[in-house]
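Novice: Dropping the structure in here first, questions after.
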Amino acid sequence: MTPHYGTKRCREREPSTPSVAQHGSIFRVREVLLRQRTQLINALRGHLTEFGEVVPQGTSNVSKLITIVEDPTSGLPSEAVATLQILILSLRHLEAEITKLDDEIARRAKEDDLAKRLMTIPGIGPLIATAFATLAPAAETFRKGRDFAAWLGLVPRQHSTGGKQRLGATTKMGERSLRRLLIIGANSVIIKRHVHASAKTGSWLGEMLGRKPTMLVRVALANKMARIVWALMAHGGVYKAPAPPQTAGMT
């Protein structure tokens, strides 16, 4: 019998089917490479800091780290440069391998019907869509979208105080990889909110951004995206943006 996820969290995890194991391995390998890339970046940044070269965190600043090492006028000891070049070579190799995996994932997204439909949701691209199409359980495993969001670990804990329920931090249980991807997707919508109709003034997201911390809004949006993902998985179709809010005074 297929287990259903309701208000009680299922503690047992069923073994992956051969198909999921085969097609899902690309995401697991990608995560390993991403972690290794982060370790190399942190090591390179740490070594440069010892020589007085301070570079902000973030993958967007990797090029600055490499430029310092390869700049003959940087003042770094030649012995240190030779050693740091090893980190740079390893980093470039990892980048090339990650790019190969991303290209393969994009190819799969074009061939998968569910992935193509999920990509109609703002913030969901080939990587996230293919990950859900491959790794997520069948939609009928869950009674409703909220149960799916709970499985992902995106439903806030509930507390009762004096008869009044309060929502706390998210449970952070469930499928970590998919949860992280959804939060990344939600963050992309927030960053590019000027081009997303769903974030315009008067919309749910626009109102949330106007009165809540960005970090909280990011998780709330990921929760909403999870419910939409489940709806498309369960009922088919594509995402249709809600009608824009009516401006006061319009008839």
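Novice: Would you please put 119-126, 75-82 in order of how densely packed they are, using the mean number of other Cβ atoms within 10 angstrom per residue and starting with the highest?
Specialist: Numbers: 119-126: 21.0, 75-82: 12.1.
Those peptides, ordered most packed to least, come out 119-126, 75-82.
Novice: For L34, project a label point 7 Å along Cα to C-beta. Then give me every residue of region 86-113 with its amide nitrogen under 16 Å of that point.
Specialist: The answer is 94-106, whose backbone nitrogens lie closer than 16 Å to the label point.
Novice: Quote to one decimal, in nm, the extra length available between R211 and L101 on full extension: 0.36 nm per residue of separation minus the C-alpha distance between them.
Specialist: Values: separation 110, 0.36 × 110 = 39.60 nm, distance 3.91 nm.
Length difference between fully extended and current span is 35.7 nm.
Novice: Can I ask one more? What is the calculated FRET efficiency for E140 to S60, with r their C-beta to C-beta distance and R₀ = 30 Å, to the nearest 0.05? List each step's numbers first, then the result.
Specialist: Values: r = 41 Å, r/R0 = 1.37.
Result of the calculation: an efficiency of 0.15.
Novice: Which ³J(HN,Hα) values, rounded to whole Hz and listed in residue order, are derived for region 60-67 from phi using the Karplus coefficients 6.51, -1.76 and 1.60 in 6.51 cos²θ - 1.76 cosθ + 1.60 with θ = phi - 60°, glycine and proline given as x?
Specialist: The phi angles translate into 5, 9, 4, 4, 5, 4, 5, 4 Hz.
Novice: Taking amide H positions as placed in the peptide plane 1.01 Å from N, state which residues far from F142 in sequence (5 or more) or on other chains have amide H under 5 Å from it.
Specialist: Amide H neighbours of F142: Y5.
Novice: Still on this structure, I have one more. With a Förster radius of 45 Å, plug the Cβ-Cβ distance of S74 and R227 into 1/(1 + (r/R0)^6) and report the FRET value to the nearest 0.05. Spell out each step's value before the answer.
Specialist: On the way: r = 51 Å, r/R0 = 1.13.
Using R0 = 45 Å, I get an efficiency of 0.35.
Novice: FRET efficiency for E111 and S25, Cβ-Cβ distance as r, R0 = 22 Å, nearest 0.05?
Specialist: Details: r = 17 Å, r/R0 = 0.79.
So the FRET efficiency works out to roughly 0.80.
Novice: May I ask you to order 94-101, 225-232 by the average number of other C-beta atoms within 10 Å around their residues, highest value first?
Specialist: On the way: 94-101: 14.0, 225-232: 21.6.
Peptide ranking by packing, descending: 225-232, 94-101.
Readers should treat all values here as calculations from the given coordinates under stated rules, not as data from a laboratory. All of these numbers come straight from a predicted model, not from anything done at the bench. No Cβ is skipped: glycine too gets one built from the backbone with ideal geometry, and neighbour counts run over all protein chains shown.
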